[in-house]
Amino acid sequence: MTEAQILRAIKDFLNYHMNLGNLVWNRQPCGAQYPGGKRKIEACHPGTPDMVVHRNGLTLYIEIKSKEGKLKPEQVEFHKLLYAQGISTYTVRSVEEVQERLGL
């Protein structure tokens with residue numbers, strides 16, 4: 001699966017559980033790109049994970065990658081900042097990994 005396909009599946013999963021009242025989540029729209037890769041907006045700190053999920057008093061940041069996908073250096077650095085503050089941050093590659101992390 002591509003990263004976009006994984007993202008869509010995870011969004012569907014999270015929306016389903018949000019509608020059941022099991023969690024609250026938000027997509028982190030950190031930047032849109034023009035064709036050719038030029039950034040047109042920068043809405044958050046470089047390296048911010050793709051989404052944030054709140055469940056049972058916990059906050060988890062989730063970065064989505066394909067099976068072969070690797071974190072960019074700015075993602076690694078920002079994840080270290082989150083860890084240093086005691087914030088759970090995960091890189092996931094499937095809906096099943098999200099389900100496991102959330103205990104659903």
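The values are calculated or read from the model by the stated rules, or taken from the named source; none is laboratory data. Just so it is clear, the model here is predicted, and its values are computed rather than measured. FYI the Cβ positions are ideal-geometry reconstructions off the backbone, even for glycines, and counts take in every protein chain you see.
Just one of (1) surrounded by 14 or more Cβ atoms within 10 Å (Cβ to Cβ); (2) at pLDDT 95 or above; (3) touching a helix residue (DSSP H, G or I) at 6+ places or on another chain (Cβ under 8 Å) fails for residue 11. It is (3). Picking from residues in the range 76-104 that are β-branched (Val, Ile, Thr) and closer than 11 Å to residue 60 by Cβ, the one that is surrounded by the fewest Cβ atoms within 10 Å (Cβ to Cβ) is 87. Considered as a group, the residues in the range 75-104 that are among the polar types (S, T, N, Q) and assigned to a loop (DSSP other than H, G, I, E, B) include one that is modelled with the lowest pLDDT, and that residue is 85.
Number of residues in the range 17-51 that are modelled with pLDDT under 90, surrounded by fewer than 12 Cβ atoms within 10 Å (Cβ to Cβ) and assigned to a strand (DSSP E or B) equals 2.
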